Each structure stands twice: as C-alpha cells, then as structure tokens.
1. Any chance you could run the full-extension gain for residue 159 through residue 50? It's 0.36 nm times the residue separation minus the Cα-Cα distance, nm to one decimal.
2. Let me check I've understood the local charge: for residue 100, count other residues with C-beta under 12 angstrom from its C-beta, Lys and Arg +1, Asp and Glu -1. What total comes out?
3. At a Förster radius of 41 Å, what calculated FRET efficiency corresponds to the Cβ-Cβ distance of residue 130 and residue 99, to the nearest 0.05?
4. In nm, to one decimal, how far is the modelled label at residue 138 from the one at residue 196, with both set 7 Å along Cα→Cβ?
5. Taking the Cβ of residue 166 as the center, what net charge do the other residues with Cβ under 12 Å away carry, scoring Lys and Arg +1 and Asp and Glu -1?
6. Going by average Cβ density within 10 Å per residue, which order do the peptides 158-167, 142-151 take, highest to lowest?
7. Could you give the length gained on full extension between residue 79 and residue 113, defined as 0.36 nm per residue of separation minus the Cα-Cα distance, in nm?
8. Within 10 Å, count the other beta carbons around each residue, average over each peptide in 104-110, 91-97, and list them highest first.
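Any read-out appearing in this document is the output of simple, stated calculations on the displayed coordinates, not a laboratory observation. Just so we're clear, the structure is a prediction, and the values are computed from it rather than from any experiment. Neighbour counts are summed over all protein chains in view; Cβ atoms, including those assigned to glycine, are modelled from backbone coordinates with ideal geometry.
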Amino acid sequence: MSLNARPRCLGARRLAARYLAALVALVVAAAPACVSSRYVPEPYPQARLMLKNSAPVYLTPEGKTTASPLSSGLTHGLSGVPAAAAVADEAQDDALFGLVFIVGGPVVMGSGATILLLDALDDDVSTTGQVLSIGLVLTGAAMMLAGANFVMESEAKRFDAVNMYNDAMLKHHFNQIRAGVEPGDWTLPAGPIGLDGEPISPE
C-alpha cells in the first residue's frame, strides 16, 4: 500500500466508526420499553391474543400460552385442532428460516463491502475481487429480502392457524348447542377435532 493510501484508509476507518456510533445511538434511543396488556381476556371457547412484555401471547381453552414465533408454544396451544396446529408448526419453521436469513444477510453483505473497500484502497485493483465483493453484496441483500418474506409468511400463517382453531372450536360449540347443551355450559372436546368441529376418530 502506498503512503497516499494510508490517509484514505484512516479516513475510511474514522467514517466507519462515526456511522457505527450513530447506529448504536439510534438503536438505543428507539428501543421500546416492555409493555403488557392490562386486561386478560377469557379464552373460552376460542384462542385470544394479548400482549405480555411486548410479545404476543395466545390464551387457549386448554390454558396454554405462547409468546415467541420461534417457540413451539402456539403449536401445542392449538393441538386440540390438528389442522390448525400443523399450520402453526409451519409458521414456526418460516420464522426460524427468516431469522437465519435476516441475520446472515448483513454478514454476507458486510463481507462483500469489506472486500470492495480493501480493494479500493489497494493500488493494484483486482477485477476478481470486485466481482466477488459485488456478488457477496447482492447475495446478502437477496438473503435479507428472503428472510423478510419468510417472517411475513410466518405472521400470516400464525393468523391462519388461530383463525382455523377458533372456527373449529366455535363449530364444536354450536354442535353441542344443537345437541341440547346450554350455550353457557359448553365443554372442551374430549379429543382432537377437525375443522368442522367434529371429533377426529383414531385410526
């Protein structure tokens, strides 16, 4: 590296340090405080949503709670309706894939940007290095977009799973009313039920 390149390298480092400090300050300033719902809804006969420590919590008639989209809590909470639990399980997988891609994307992009910066500071410009760095930056960006898509798909599937569960439980309740049970005296299914609210016979 030539003597003329050293001031440029020091300037780039100082600029990067300033941007990093500004980013850290922005994250700290924007960090929200943990909040929780004040009212705890009755879950019967459906799953209900509330907020606890800034995270969504689902209350089901089985009394099970869930919070993180990365946990299997929602799958267990909706186990009374296997079809809904299966969609909740898919939502958990999508959330995990989304996290991996969103975290990995900036790492890959940063590697490409670093190679591009080092190559720019070097007197001998490498075409191979430039192509590699641009490829890494584009790959990292694609990973972040894919991760965001996985996260959005996970949220959509979580809503679908809860709605499927609620509809099945409501149909089960209506079936009990048609069988002569008073509306306020409904009971939980003795076993898993289908989306039509009817019990699933063991195979």
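1. This chain segment gains 37.9 nm when fully extended.
2. -2
3. 0.85
4. According to this spin-label approximation, the distance is 5.3 nm.
5. 0
6. Result, highest mean first: 158-167, 142-151.
7. In short, 7.6 nm is gained.
8. Listed from highest to lowest mean packing, they are 91-97, 104-110.
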